[in-house]
Each structure stands twice: as structure tokens, then as C-alpha cells.
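Notes follow the structure.
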Amino acid sequence: METTTGTAVVANKTQQEHKEYGAVEAVPMSERSLSFGDMIATWIGANANNGSWYVGGVVAGAAFGGSVLVTLVANPIAYLIMALIGFMGYKVGTSTMALTRPSFGVKGSYLPSVLNSTQFIGWTAVNTFIAAISVSLVCKEYLGWPAFGEPGGNKTMIFGIVVMSVLHLLSIAMGHKSVKLVERIGVVFILILGIWETIVVLQHISIHDIMNWQPPKGKLLPIGSAFDAMAAFSLGWVPAIAEFTRYGKNRATATVAPMIGANIGVFWFALVGVIGAIGTAISTGVYDPNNSDPSTIVTKLGLGPVALLVIILTSTTANAVNLMAAGISLTNVTKKIKPMPALWLVTIIAAILTVVPLYIGSFLDSFIGFLDYIGMVFGPIFAITIVDFYLVRKKAYDVNEFDKTKGKYWFQGGFNLKAMAVWVIGVVFFLLVHNKAMFTGTIGATYPTIALTGVIYYILSKLSK
């Protein structure tokens, strides 16, 4: 009898350890398994990737000094915001999108959840597209197939997208458990590639020439636009943070570790992108931000197929985090979709979306437009969520009320119309000013939008009490 009971307890414990919690389910402290080191590795792996490399090449249009300034200023601000929401996830135990319920309302939280799923599906598509370029170049090297940009190259790209999607399915096969494993393995190869490319570039081109390079006429990126691009890139990770910090073992794991990992990853790989893009421009005489993707740069630098394979791996480490966030966000909208099927669903949708840039527009235009979308819609959401938790409700959220009809967070028909209106004001403000010289020539529109939205929400919350 005791043996049967003991077996049942062990089986139940094993089942709980492998459980992937839905958005509104609070993870108990007894089942939080991510350590400080795990969290650092996760966020280095998330940020030391193809996207960071590519955005570095894009902001290189602000010249070396401008791109370094943007990287050193925009990212720490974004990751401070991430730490604030990371602590919320640790304290409450739910996903990031569930944390919007007390401010936007139970049903009102569906809006940021849907937006969040779309943005992380979009990030998956961005990284997959970049990795598929590497796959196409490997296929050209060993199979003689046409690579991306060559006649018939789209078929090879589609093959690459299929390969990457299979790798993505494997990376999220056990939810946050498999993501942790992928990040531990991937971060080693990612760092090796970063060192390798940096050494190769600096062997051929002096740092003096890189620092003094200026983009050609018509290719200069205004400093404010570079700020917006980099800020939106880093802020794009914020809606994923609580998906991991709610599994963190302590407060430092949920706040300090993500900031360390994210800043190391993005500082290094954005700088690798900057140096690679400028070095390629100097050596070839042509600066084209369309060719800022890692695959094109490592090919022009002659790093060979091994570097391309590592780029493919970096896509998998980053997209494991993207897919976790996209899938779990869906479970905040409906409980009919369980966490694991939600992860599989968003992986398939992302694969389909990745094909679009092959036939409609340029990848660079799609990328810049995507970053504008992130800064525009998520900046105000972060502001409202942070102000509500820390200033309005004084860190006191009742997770038992998160899913109650006509409960504490139900407001009017499930919507907090005040928060929705403030969000609209933030979006409209961004649209009105982000191309104005006052913002493109200074700090951009993303952070002013966040500040304005937070102030308005705080004032309205105080007035309505």
C-alpha cells in the first residue's frame, strides 16, 4: 500500500515538473526550476542572434559613433522595463499577458495578447527568414542549388524555411524545459561565432577605418530613427519575460539575470552587426542595409559553411523564446487551446508568414515597418501595466481574481475603458510624431510615447478614485 502511494506521489511530481502552465495559471514556488545561470543563458541566447546582428547592420547607417551610442543607451532602458515586468511575473506567477488583466480588464487583456502573439510570430518569421538565407547558401555549397537572390532561389528558401520550422518544433517540444536546454547548448556556439567574426573583420579592416566610416549620401539613418529601431527591437522581448521569470527560483533570477543576459547578448551581437556591415561596406565599396543579414556578411567575409550553420543554430535559440511567448499569449485569450498545441500552432503560422517577403516587398522594408509596429503598440501597453502595478495598486495583484467574471478586474463588461483609451492616445501620439524632425534628430518617439502614456494613465487613475 505504501509502495503504491509512493509511486503515485513520484508520478504526480514528475507530471508537475513537465507541466507547461497556461497564461493565467500561477506557477507555485515549489515548481520553479530556472536558476540565475539558466536565466542569463536564456537571454544571452535570445539576444545574441540573427536579429541583433541584422539590427546592428541597419543602425550602422547612423555611422559607428551613432550606432554605438544608440546601442548603449536604448537597450539598457528597454531591459530596465523588462526587469520591472519580470518582477511582476515572479511575484504573481502568471504570464506577461495575464498581468495586463488588472489594468486592461479580463477581456481587455485579449487585445495585448493578440498583438503579442502576432509580434512574436513576426519575430520568429524574421529570424527564420535570415536563417533560411544561410540554409540556401549551404545548399548552394554542397548541393549546387540556387541561393537566395538567384534565379530559382525562392524554392531553396522555402526548403530552408521548412528545415527551420522542424528545428523550432523540436526546440519547444517540452515547453520551457526544452527551451532551457536549447539555450544552454546554443549560447556556447553563438559566442564562438561572435568572437570569430569580430576577429576576422578586424584582421582585414582597421578599427580606425571603421570608426571613421560615413554612410553614403542617401543612406544616412537619422539618430532618432536609429533609437526607435533599437528600442523597438529590445522592447520586443518585454512581453515574453514573465513566461520565464514565473519559473524563476528567486527575485534576482527574475530581474537581475535577464538584464545581464539581454544586455550582454544585444551589446555584443549588435556591435558585431555594426562592425560587419561597415567592414563589408569598406571592403566592397557598397553599403546596403538590405545586405546586413549575417548570412550575406559572413559569406562576403569568407567565413564558410560552418559560420552559416551556427547562424542557423542562433535562429533556433532566439525563436524558442519567441514561440513560447506567442503560444502562451494565445492561452490568455482562450482556454480551449492548451499550452503545447498553442506552441505548435504558432510555429506553423510563423512558417507560413516567413514566405511572404519572398514575394511581397523587400525584407528590409518589412523589418523596419515591423519595428515601428512594436514601438507603437507595445510601448503604451508596458507603460500602463507598470504604472498600474507599481504606482496605482502598490504591487498588490490578486491572482485569484484574474479569471473571474464580474470580479475585481472585470470593470465594464470585462474591459477597462480608461486603459484602452490611454493606449489609443499613446498609439496616436507615436504615429503623429515618429517622423517629425524633433524626434528623428534626437531620441526618437518610442520612449517619449511610453513616458507620456504612463503619466496620463497615472493621472486618470488618481482622478477616478
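General remarks:
- Rounded to 10°, Cα long-axis angle of helix 251-284 versus longest principal axis of the chain: 20
- Simple rule: put +1 on each Lys or Arg Cβ and -1 on each Asp or Glu Cβ in the chain, find the dipole, and look at F104, N332, V70; the Cα lying farthest toward the positive end is F104.
- Report note on the peptides 438-448, 135-145: ranked by the mean count of other C-beta atoms within 10 Å, highest first, their order is 438-448, 135-145.
- Gap separating the Cα centres of segment 393-415 and segment 294-328, nearest whole Å: 41
- At R0 = 41 Å, FRET efficiency that the Cβ-Cβ distance of L309 and E31 yields, to 0.05: 0.70
- Each Lys and Arg Cβ is given +1 and each Asp and Glu Cβ -1; about its Cα centre, segment 199-297 then shows a dipole of about 320 debye.
- Cα gyration tensor, segment 243-378 - rounded (a/c under 1.5), prolate or oblate: prolate
- Burial ranking of peptide ranges 119-125, 251-257 (average Cβ count within 10 Å, highest at the top): 119-125, 251-257
- Förster-model FRET efficiency, 35 Å R0, K436 and S206, C-beta, rounded to 0.05: 0.40
- On Cα atoms only, tilt of 417-433 relative to the major axis of the chain in degrees: 10
- For segment 216-243 and segment 99-135, distance of Cα centres in Å: 16
- Cα gyration tensor shape of the chain, rounded if a/c is under 1.5, else prolate or oblate by comparing a/b with b/c: oblate
- In the structure shown, the pairs K155/K338; K395/K436; K91/K336 are assessed against 29 Å; a Cα-Cα span above that value is assigned to K155/K338; K395/K436.
- At full extension, A252 and K217 could sit 7.9 nm farther apart than now, given 0.36 nm per residue minus the alpha carbon distance.
- Exposure proxy order (Cβ contacts within 10 Å, fewest to most) of S315, S30, S234: S30, S234, S315
- Projecting label points 7 angstrom from Cα along Cα→Cβ for D365 and L170 puts them 3.6 nm apart.
- Sorting Y390, Y458 by the number of Cβ atoms found within 10 Å of their own Cβ, with the fewest placed first, yields Y390, Y458.
- Full-extension gain in nm, I195 to V162, via 0.36 nm per residue minus C-alpha separation: 9.0 nm
- Dipole size of the chain about its Cα centre, with +1 on Lys/Arg Cβ and -1 on Asp/Glu Cβ: approximately 1440 debye, rounded to the nearest 20.
- Net lengthening on full extension, K335/L80 (0.36 nm per residue, minus Cα-Cα): 88.7 nm
- For the chain, the longest principal axis of the alpha carbon atoms and the long axis of helix 36-47 meet at an angle near 50°.
Where a number appears in this text, it was derived from the coordinates with a stated rule and is not lab data. Source: prediction; values computed, not measured. Backbone-built Cβ (ideal geometry, glycine too); neighbour counts: all protein chains shown.
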